[in-house]
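Visitor: One structure follows; several queries about it will come next.
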Amino acid sequence: MRVIETVSEMLHISSQWDNNQVIGFVPTMGALHQGHLALVKESKKQSDLTIVSIYVNPSQFGPNEDFDKYPKTFEADSKLLEALDVDYIFLPNDKEMYPQGYNTWVEVNELTSVLCGAKRPGHFRGVCTIVLKLVNIVRPSLMFMGEKDFQQVAVLKTMLKDLNILTKIVACPIVRDVDGLALSSRNKYLNDSDRTIAPTIYKTLLKAKEAFYNNELDTLEQLASYVENELDLTRFIIDYIEIVDSGDLKRRKYIEKGNRLLIAVYLGQTRLIDNIEI
């Protein structure tokens, strides 16, 4: 396993990929957990070479978000990736990714005006910009991403299609802890008390899905009311609850099979997201 720290070196390496090779890529911000490792394992199955990037991208964080305290655990991350026989870690710094005079940004309209895009202005501009840069540097055939960030996957699929980039996204299922909580690097922020009740989020989504199939609710309004009744609102602050089309992310007033139920909540100071398919 080689650790590459400069754009120029990574470009030199990727320029020599064999056209007959399948190049797998897993973009991360580090603080790796089993969800990330599941993506790496899937890349190893489907690809001839696997590259993992570790870069905490400042442009996707808002002014009052957690950029300064985002966990950085490269030593532990590198051991995990070495154990999985990753071929390359791409580990650039800010000067490499945003050199002096940098002034180009990528935006996807419509899909980024809802859900997390509406709640975190500028977030997806930062995500799209950094992912496009990484794809251009690494030149992967396949990029492996988790469905926990369901909107992000939809946005990036659109960006790649619209810009005629041949890299294909492989969306992988959410990996959960044994109690159902979706794995996230931000789970480290939860104190013991909050961590104990955090699995209520997923349990509530499952109950809502069951209620739909039992004909107990069929509208977004009923769904929102149901979720609010299930969650302890003295502990959870609901950021949004939405039912959307799985493809175009358009809000659905009436729930149908195949729709996606998405939720974002604050538990203490930690923002958690989750989703399930109806």
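Visitor: Looking at the range 97-144 only, could you name the residues that are out of contact with any helix residue (DSSP H, G or I) (no Cβ under 7 Å at 6 or more places or on another chain), aliphatic (A, V, I, L, M) and part of a loop (DSSP other than H, G, I, E, B)?
Guide: If the condition is that a residue be out of contact with any helix residue (DSSP H, G or I) (no Cβ under 7 Å at 6 or more places or on another chain), aliphatic (A, V, I, L, M) and part of a loop (DSSP other than H, G, I, E, B), then V114 is the only one that fits.
Visitor: Is one or more of the residues making up the range 23-30 open to solvent by 40 Å² or more (accessible area, probe 1.4 Å) and either modelled with pLDDT of 95 or more or in contact with a Leu (Cβ under 9 Å, 6 or more places away or on another chain) (or both)?
Guide: no
Visitor: On to the next question. Is it true that some residue in the range 174-181 is in contact (Cβ under 8 Å) with a residue 40 or more places away in the chain, of a type outside the set (S, T, N, Q), open to solvent by 30 Å² or more (accessible area, probe 1.4 Å) and in a loop (DSSP other than H, G, I, E, B)?
Guide: yes
Visitor: Let me ask something else about it. I need a count of the residues in the range 205-257 that are in a loop (DSSP other than H, G, I, E, B), out of contact with any Leu (no Cβ under 6 Å at 6 or more places or on another chain) and open to solvent by 30 Å² or more (accessible area, probe 1.4 Å).
Guide: Matching residues across the range 205-257 total 16.
Visitor: If you take the residues in the range 61-103 that are among the aliphatic types (A, V, I, L, M) and out of contact with any strand residue (DSSP E or B) (no Cβ under 6 Å at 6 or more places or on another chain), which one is surrounded by the most Cβ atoms within 10 Å (Cβ to Cβ)?
Guide: Of everything passing the filter in the range 61-103, M97 is surrounded by the most Cβ atoms within 10 Å (Cβ to Cβ).
Visitor: Output the residue which, of all residues in the range 140-161 that are without any contact (Cβ under 8 Å) to a residue 60 or more places away in the chain and open to solvent by less than 20 Å² (accessible area, probe 1.4 Å), is farthest from I23 (Cα to Cα).
Guide: Going through the qualifying residues, I end up with V155.
Visitor: So which residues in the range 70-96 are of a type in the set (S, T, N, Q) and in a loop (DSSP other than H, G, I, E, B), if there are any at all?
Guide: T73, N93
Visitor: Now for a separate question. Exactly one of these conditions fails for E277: (1) surrounded by 14 or more Cβ atoms within 10 Å (Cβ to Cβ); (2) of a type in the set (D, E, K, R); (3) within 17 Å of Q152 (Cα to Cα). Give me its number.
Guide: Of everything listed in (1) surrounded by 14 or more Cβ atoms within 10 Å (Cβ to Cβ); (2) of a type in the set (D, E, K, R); (3) within 17 Å of Q152 (Cα to Cα), E277 misses just condition (1).
Visitor: If you don't mind, another one. Tell me yes or no: at least one residue of the range 212-232 is in contact with a Gly (Cβ under 9 Å, 6 or more places away or on another chain), touching a residue at least 12 places away in the same chain (Cβ under 8 Å) and of a type in the set (F, W, Y).
Guide: Taking every residue of the range 212-232 in turn, none turns out to be in contact with a Gly (Cβ under 9 Å, 6 or more places away or on another chain), touching a residue at least 12 places away in the same chain (Cβ under 8 Å) and of a type in the set (F, W, Y).
Visitor: Quick check on the range 184-204: of everything there that is in a loop (DSSP other than H, G, I, E, B) and in contact (Cβ under 8 Å) with a residue 40 or more places away in the chain, which residue is surrounded by the fewest Cβ atoms within 10 Å (Cβ to Cβ)?
Guide: Filtering first and then ranking leaves N191.
Visitor: Can we say S113 is without any contact (Cβ under 8 Å) to a residue 24 or more places away in the chain, hydroxyl-bearing (S, T, Y) and open to solvent by 10 Å² or more (accessible area, probe 1.4 Å)?
Guide: yes
Visitor: I would also like to ask the following. Please list, ordered by residue number, the strands (runs of 3 or more DSSP E) wholly in the range 1-67 having 1 or more residues that are farther than 17 Å from I174 by Cα, under 14 Å from the mean Cα position of the chain (by Cα) and without any contact (Cβ under 8 Å) to a residue 60 or more places away in the chain.
Guide: So the answer is 49-54.
Visitor: Please work out if S193 is touching a strand residue (DSSP E or B) at 6+ places or on another chain (Cβ under 9 Å) and either among the small types (G, A, S) or closer than 27 Å to L37 by Cβ (or both).
Guide: Taking the combined requirement at face value, the residue does not satisfy it.
The values are calculated or read from the model by the stated rules, or taken from the named source; none is laboratory data. These numbers come from a predicted model, not from an experiment. Neighbour counts run over all protein chains shown; Cβ positions are idealised from the backbone, glycine included. With ligands, DNA and RNA removed, areas are computed over all heavy atoms of the protein, side chains included. Shrake-Rupley method; radii C 1.70, N 1.55, O 1.52, S 1.80 Å.
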